[in-house]
Amino acid sequence: ERDGSLLGFVWADDPEDHLLPSSERLQALRTFANHATLALRAAMNVETLNGRNRELVALHDTAFGLLEGIELESVLQAIADNARQLMATPNAYIYVADRQGGDLRVAVGLGSFESHIGRSLDPGVGASGRAYVSGQTFVIDDYESWDDRVPVYDTHRFHAIAAVPLRTRGEVAGVIGVARQDDRVFEPGEIALLERFAQLASLALENARLYAAARQSEQLHRSVVDGSTDLIALLDRDHAVVLASKAYQDVLGYAPTELVGTKLAEI
């Protein structure tokens, strides 16, 4: 390379000629090696750019797919499924923090983790527990030989594991993890990709949780309104009915759906 580092070497040998090559041939070989270095570097740069392009396309498609989801369970399932596809492994999981109990729970398990759905984990235990407590990515290249591994996973003989925290509203809401059972480890570029994906996944998770909270609030208000014998109506700024209680049917004879969009003063 131009900086003096060694990229490789070219070997040329004639088994019938035991003499050193002439200076002209050596010079020609050096010139060829220089051109080969440039060509090889260019090919590697192109491959790197193609790889980055594939990553960006995958992240783009994943982002739109996740943000379109609103059901919490389906969003979590999609997050784990996309993570294992990006990392080229069948095994992925998501631990969700239980704010009341203080522990972590496997909300989604794919591949070898499917049988562990619902399993609890204390913060600080294993790769996921450490990622949760530290708020940082935790990677193990040889999980089988790691002294602090979670024994319940020993039967799966995981080789490499990567756990990345999921953050919502400034706090760690869970951990997304992937595992490999072959001899491959997670390269720095793959970890960087997984971390970028986790940021998108966190947005999707927060979006789904906000929707779930809004729907729960709406159901609560609806049950209160419909259970009352009073005439209760929600009006917009133009005084048109947005929501009406069932009591309107009993008292005035109007079904609540009939009143939506009308003004009470006009009735």
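The values are calculated or read from the model by the stated rules, or taken from the named source; none is laboratory data. All of these numbers come straight from a predicted model, not from anything done at the bench. So basically every Cβ, Gly included, is an ideal-geometry build from the backbone, and we count neighbours across all protein chains shown. Accessible surface areas use protein heavy atoms only, side chains included; no ligands, DNA or RNA. Shrake-Rupley method; radii C 1.70, N 1.55, O 1.52, S 1.80 Å.
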Among (1) surrounded by 18 or more Cβ atoms within 10 Å (Cβ to Cβ); (2) over 14 Å from Ala198 (Cα atoms), Asp147 falls short only on (1)
For the range 22-36, pairs from a residue that is in a helix (DSSP H, G or I) to a residue that is open to solvent by less than 100 Å² (accessible area, probe 1.4 Å) and not β-branched (Val, Ile, Thr), with Cβ under 7 Å and 6 or more apart or across chains, are Leu29/Ala12
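State all residues of the range 1-36 that are of a type in the set (Lys, Arg) and loosely packed, with under 10 Cβ neighbours inside 10 Å; if no residue qualifies, say none.
Arg2
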Taking the range 92-107 and the residues there that are surrounded by fewer than 23 Cβ atoms within 10 Å (Cβ to Cβ) and touching a residue at least 60 places away in the same chain (Cβ under 8 Å), the one that is farthest from the chain's Cα centre (by Cα) would be Ala97
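Please indicate, with yes or no, whether at least one residue in the range 173-181 is more than 12 Å from the chain's Cα centre (by Cα) and either of a type in the set (Lys, Arg) or more than 17 Å from Ala80 (Cβ to Cβ) (or both). Spell out how you get there, then give the answer.
Initially, the range 173-181 is screened for residues more than 12 Å from the chain's Cα centre (by Cα), giving 173, 179-181.
Then keep just the ones that are either of a type in the set (Lys, Arg) or more than 17 Å from Ala80 (Cβ to Cβ) (or both); that gives 180.
Yes, the conditions are met somewhere in the range 173-181.
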Pro188 meets each of (1) at pLDDT below 75; (2) out of contact with any helix residue (DSSP H, G or I) (no Cβ under 9 Å at 6 or more places or on another chain); (3) not β-branched (Val, Ile, Thr) with one exception, condition (1)
Handout entry: Residue in the range 204-219 that is in a loop (DSSP other than H, G, I, E, B) and modelled with pLDDT under 90 present
Key = no
Apart from one, (1) more than 20 Å from Ile79 (Cβ to Cβ); (2) open to solvent by less than 60 Å² (accessible area, probe 1.4 Å) all hold for Ser202; the odd one out is (1)
Looking at the range 168-186, can you tell me whether even one residue there is without any contact (Cβ under 8 Å) to a residue 60 or more places away in the chain, more than 30 Å from Leu110 (Cβ to Cβ) and open to solvent by 80 Å² or more (accessible area, probe 1.4 Å)? no
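How many of the residues making up the range 88-102 are farther than 25 Å from Glu187 by Cβ and touching a helix residue (DSSP H, G or I) at 6+ places or on another chain (Cβ under 9 Å)?
Within the range 88-102, the first condition is being farther than 25 Å from Glu187 by Cβ, and the residues that meet it are 96-102.
Checking the rest, the ones that are also touching a helix residue (DSSP H, G or I) at 6+ places or on another chain (Cβ under 9 Å) come to 96-97.
Summing the residues that are farther than 25 Å from Glu187 by Cβ and touching a helix residue (DSSP H, G or I) at 6+ places or on another chain (Cβ under 9 Å) in the range 88-102 gives 2.
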